[in-house]
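J.: A single structure is presented below for examination.
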Amino acid sequence: MPPLIPLAHFFDNPQRAAARVSPDGTRLAWVAPLDGVLNVWVASVDGEDARPVTRDRDRGVRSYVWARDGARIIYMQDTAGEEDYHVHVADLARPDRPARDVTPFPGVRAGLVAVPRATPRDILVSLNLRDRSAFDAYRLRLATGRLERVAENPGNVIGWLADRQGRLRAAYAQTETGDYRLLVRDREGEPFRVLAEFANEDEGGPFAFSPDGRELWIGSARDADTERLVAIDCATGEERVIDGDPEVDLGRPVIRDTTGELLGALYLRDRLELRAFDAEFGALWEGFRALHHGDPAAVSSDDAERLWVVAFDDDRDPGATFLVDRAAGASRLLFRPRPWLRPEDLAPMTPVAIRSRDGLTLRSYLTVPVDVEPRGLPMVLVVHGGPWSRDSWGYDAEAQFLANRGYAVLQVNYRGSTGFGKRFTHAAERQFAGAMHDDLVDAVRWAVDAGVADPARVAIYGGSYGGYAALVGATFTPDLFAAVISYVGPSSLVTLVRSFPPYWRPFMESTWFRYVGDPDRPEDLADMEARSPLNRVDAITAPLLVIQGATDPRVTRRESEQIVDALRARGVDVEYLVKEDEGHGFVKPENRMEAYRAIERFLARHLGGRAEA
């Protein structure tokens, strides 16, 4: 087994990450620590004169975009994890000035709708300024912060879309029954009209307008099981299928930024796949793939498409980032975000297919310790959040940390996970703590039957929905798991749904109410109570570690504290770690380190793996 890798190598800030080339191709930006906090840095393409252009002192800047004229950096930031994000703008011509909060409204959440090429001085944002439960769309002048409302949300719009001229022309709305409605208009100032309606399972969400603005490119599973790329005529509503795959959903289309042309479509099977519609781009993509054995995870270019930045997702070499000079036919490695991690010390992530008891294929991933026979190992079942998400191949810091400590790691795309067709996703309706949990149990039994896992040393761990799944494991199948870790996990479906922030209301009917229930409906309340771990605490026998962010607006601290209090009232010892300055997942490196130190010691005590002194 390789040497014990320090926790900081997995969970501290990267040395560099998220590189992007400027629109004119003369500069590079990236995020890197400044006094221990992630900030945006800018340098010339050759790396000279690197300097920070943001000076966040608290939670750090984790993502950003260039303004279209290259004069500014735009990023989103909240306070203490409460998720009321504001738009911040850093002026590169005045590096001595701090970034400006251009949406400085207390208790208001901003979203970035578009950074249009056609209007470089303006961007489009969404704000729940008028009504905390509904996001209106605004045009924001970057230089002054002046706001102009360009669309008022009637209360059911869950997304806005601009055309290539920067005009807000489409909206995606939920109906009263939880289905979806696509709205369009020909020009700003006109009312929206209904272009098409889609059943809940058929989606119909828009990606972009065609270059001439006459069509919308959408993702739709109408008349198919998987979501396909579809063009819909904005005048007639006529639909035509552009591309699709019978096994997996469309990931997203690839669109040329300069012209709006459709270049290809991405699909995520076990790994990422591109279906190219443009031969030149297809050849360029294959050239990217030749640089590294990972999957191209982030690809961007300057306006001339001469310089490209390509970052790779790889199970053992996270985030290797290259600069490709297309004109010169040359490329160079810009950086590895975590150069202290040696690929040979990290464990391969292997795709595996597991059959559920009722015949579904659960596409999953198994990671086992390096240089250890995969027989009779202690195992951690890591359950992804969402649940409308999925596990995928690539670098996973948690999986690598656990494998280095001596555990097999199994990550399961249980029913309800997205990307595998609508029947698979909707098989999770009203199956929280039911068939969704059966899938996890079946996966554990698969690992035991394969000889990989020691049945007496299996832990379950997850965050958000994964934290709920861990608590379900502790209460519904208490003899299966030797240790349980819930990270921002709901303990009661009733108190969870009742605590959601007001701005979640527009999409509740299509998601939580459909899949779980509405606690205000008497017919749903009893079922939600029966599926809540809080009401089965007497069944818990396994040791439990609970981790919570105090400001979490999605899974409030009540969810963790009510089950911790219930257990302590029974005299049961439960470990509880709460951070007052964190929300739905820990962002600050010192808090992440404390959480994973607690996880490391907890698992070592109960499963027998390795731990740092």
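The values are calculated or read from the model by the stated rules, or taken from the named source; none is laboratory data. Keep in mind that what you see is a predicted model, and the values were worked out from it rather than measured. Reconstructed Cβ throughout: ideal geometry from the backbone, glycine too, with neighbour counts over all protein chains shown. For accessibility, only protein heavy atoms count, side chains too; no ligands or nucleic acids. Shrake-Rupley method; radii C 1.70, N 1.55, O 1.52, S 1.80 Å.
J.: With a ≥ b ≥ c taken as the square roots of the eigenvalues of the C-alpha gyration tensor of the stretch 421-497, please select rounded if a/c is under 1.5 and otherwise prolate if a/b is larger than b/c or oblate if it is not?
T.: oblate
J.: Ok, one more. With N denoting the number of residues in the stretch 232-278, provide Rg(C-alpha) divided by 2.2 N^0.38 Å, to two decimal places.
T.: 1.30
J.: If I take the Cα coordinates of the chain and project them onto the principal axes, what are the three extents in Å, biggest first?
T.: Dimensions of the chain along the principal axes of its Cα atoms: 62, 57, 46 Å.
J.: Answer rounded, prolate or oblate for the stretch 101-200, using the Cα gyration tensor with square roots of eigenvalues a ≥ b ≥ c: rounded when a/c is under 1.5, else prolate when a/b is larger than b/c, else oblate.
T.: It is oblate, given that a/c is not under 1.5 and a/b is not larger than b/c.
J.: Here's a follow-up. For the pair Glu305/Glu152, report the inter-label distance in nm, with labels modelled 7 Å from Cα in the Cβ direction.
T.: 4.2
J.: Related question: Order the peptides 322-328, 227-233, 491-497 from the highest to the lowest mean number of other Cβ atoms within 10 Å of their residues.
T.: 491-497, 227-233, 322-328
J.: Only Lys, Arg, Asp and Glu count, each charged at its Cβ (+1, +1, -1, -1), so figure out the dipole size of the stretch 524-586 about its Cα centre, rounded to 20 debye.
T.: 100
J.: If one takes the longest principal axis of the Cα atoms in the chain, at what angle in degrees, from 0 to 90 and to the nearest 10, does the Cα axis of helix 435-449 lie?
T.: 60
J.: Next up: Going by alpha carbons, how many degrees (0 to 90, nearest 10) lie between the helix axis of 465-476 and the longest principal axis of the chain?
T.: That helix lies at roughly 20 degrees to the long axis.
J.: Moving on. If r is the Cβ-Cβ distance from Thr541 to Asp358 and R0 is 30 Å, what FRET efficiency results, to the nearest 0.05?
T.: Once rounded, the FRET efficiency stands at 0.60.
J.: Stretched out fully, how many nm does the piece from Val370 to Arg51 gain, at 0.36 nm a residue minus the Cα gap?
T.: 110.9 nm
J.: Using a/c under 1.5 as the rounded threshold, could you call the stretch 1-154 rounded, prolate or oblate? The axes a ≥ b ≥ c are square roots of the C-alpha gyration tensor eigenvalues, and prolate needs a/b larger than b/c, oblate otherwise.
T.: Judged from the Cα gyration tensor, the stretch 1-154 comes out oblate (a/c at least 1.5, b/c at or above a/b).
J.: Still on this model: Can you find, among Ala151, Tyr515, Thr54, the residue farthest towards the positive end of the dipole of the chain? Put +1 on the C-beta of Lys and Arg, -1 on that of Asp and Glu.
T.: It is Thr54.
J.: In addition: Considering only protein heavy atoms and a probe of 1.4 Å, how much of the accessible area of the stretch 190-322 is carbon and sulfur, as a whole percent?
T.: Ligands and nucleic acids excluded, carbon and sulfur reach 48 percent.
J.: Going by amide H atoms built from the backbone, whose H comes under 5 Å of the H on Asp243, apart from near neighbours?
T.: Leu229
J.: Probe 1.4 Å, all protein chains in place: accessible area of Thr259 in Å², nearest 10?
T.: Probe radius 1.4 Å; accessible area of Thr259 about 60 Å².
J.: Expressed as an acute angle from 0 to 90° and rounded to the nearest 10, what is the orientation of the C-alpha long axis of helix 557-569 relative to the principal long axis of the chain?
T.: In the chain, helix 557-569 runs at an angle near 10 degrees to the longest axis.
J.: Can I ask one more? For Arg214 and Arg521 in the same chain, what is the full-extension length gain: residue separation times 0.36 nm, less their Cα-Cα distance, in nm?
T.: 106.2 nm
J.: While we're here: For a bin width of 10 Å, list the pair-distance distribution of the stretch 196-327 built from all Cα-Cα distances, rounded to whole %.
T.: 12, 38, 32, 16, 2
J.: Taking the Cα centre of the stretch 243-340 as the origin, how large is its charge dipole in debye, to the nearest 20, when only Lys and Arg (+1) and Asp and Glu (-1) carry charge on their Cβ atoms?
T.: 440
J.: Also, quick follow-up: At 1.4 Å probe size, with every protein chain present, just tell me what the per residue accessible area of the chain comes to in Å².
T.: That works out to 39 Å² for each residue.
J.: If you don't mind, there's one more thing I want to ask. Okay, helix-only estimate at 222 nm for the chain: each DSSP H run of n ≥ 4 adds -39500 (n - 2.57), divide by all residues, round to 500 deg cm²/dmol; what do you get?
T.: -5000 deg cm²/dmol
J.: Which whole-number percent is the relative contact order of the chain (Cα, under 8 Å, 6+ apart)?
T.: The value is 11 percent.
J.: OK, next. Say the dipole of the stretch 201-286 comes from +1 at the beta carbon of Lys and Arg and -1 at that of Asp and Glu; which of Gly219, Leu284, Val254 then lies farthest toward its positive end?
T.: Working it through, the farthest residue towards the positive pole turns out to be Leu284.
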